[in-house]
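The values are calculated or read from the model by the stated rules, or taken from the named source; none is laboratory data. All values derive from a computational prediction rather than experimental measurement. Cβ atoms come from the backbone with ideal geometry, glycine included; neighbour counts cover every protein chain shown. To get the accessible areas, we keep the full protein, side chains included, count just its heavy atoms, and leave off ligands, DNA and RNA. Shrake-Rupley method; radii C 1.70, N 1.55, O 1.52, S 1.80 Å.
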Amino acid sequence: MKKVSFLILVLFFQFSFSQESEIQLTIGKFFNAFHQRDSIALKKVCSENLILHSISESEKGAKFSVEKAANFYKSIATIPLSMKFEEKILSYKVQIDGTMAHVWTPYEFYMNDKLSHSGVNSFQLYKENDGWKVVYILDTRRK
């Protein structure tokens, strides 16, 4: 009986680790497409009903903003090639419940090798037949 319980426990952790790896891979694909200014690849890892919200924090207070997915994709595709940018993900915290996942990623954003701002991304994902899709992104931004 102990061997069966141990085997079930091992299989559970293996499945959980596999799910977490798939989710981190999806977020990795998101950022690869983002850095390559590839809106087509971005759309492949996002839901067609993607929701985007941001909270900008400054000395004047916090400002909540909403961005339409179409505007987000267009803005990424039109970033000038002369502009260098990178969002460095500092860590991942993944939580999963069946076909829903939440990923918390603190980050630093660099423009032309200078720190522009930092904050945290909160990604909500769901699992479709062809893999995990990003459905909602909420991020904070502070100088």
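Values for this structure:
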{"item": "Cα-based equivalent ellipsoid of the chain: semi-axis lengths in Å, sorted from largest, via gyration tensor", "result": "32, 17, 15"}
{"item": "Cut-off under 5 Å, modelled amide H: who pairs with Ser116 long-range", "result": "Phe109, Tyr110, Met111"}
{"item": "With Cα atoms, 0 to 90° folded angle of helix 2-35 axis to the chain main axis", "result": "20"}
{"item": "Förster radius 35 Å - calculated FRET efficiency between Lys74 and Gln95 (Cβ-Cβ, nearest 0.05)", "result": "0.65"}
{"item": "Per-residue ³J(HN,Hα) for segment 39-54, Karplus 6.51 cos²θ - 1.76 cosθ + 1.60, θ = phi - 60°, Hz, x for Gly and Pro", "result": "5, 5, 5, 4, 4, 5, 9, 10, 5, 5, 10, 3, 10, 10, 10, 9"}
{"item": "Solvent exposure of the chain as accessible area per residue, Å², 1.4 Å probe", "result": "67"}
{"item": "Gaussian network model of the chain, Cα within-10 Å springs - most flexible of Lys63, Lys88, Lys127", "result": "Lys63"}
{"item": "Carbon and sulfur %, accessible surface of segment 27-143 computed with the full protein complex present, 1.4 Å", "result": "52"}
{"item": "Amide H partners (placed H, <5 Å) of Phe85, local residues excluded", "result": "Asn112"}
{"item": "Label-point gap, in nm, between Leu115 and Asn32 - each point 7 angstrom along Cα→Cβ", "result": "2.9"}
{"item": "Over the chain: helical MRE at 222 nm, DSSP H runs n ≥ 4 each giving -39500 (n - 2.57), nearest 500", "result": "-11500 deg cm²/dmol"}
{"item": "Cβ-based net charge around Phe123, under 11 Å, with every Lys or Arg adding one and every Asp or Glu removing one", "result": "+1"}
{"item": "Potential lengthening between Glu86 and Ile40 on full extension [0.36 nm per residue; Cα-Cα distance subtracted]", "result": "14.7 nm"}
{"item": "Potential lengthening between Glu57 and Glu20 on full extension [0.36 nm per residue; Cα-Cα distance subtracted]", "result": "10.3 nm"}
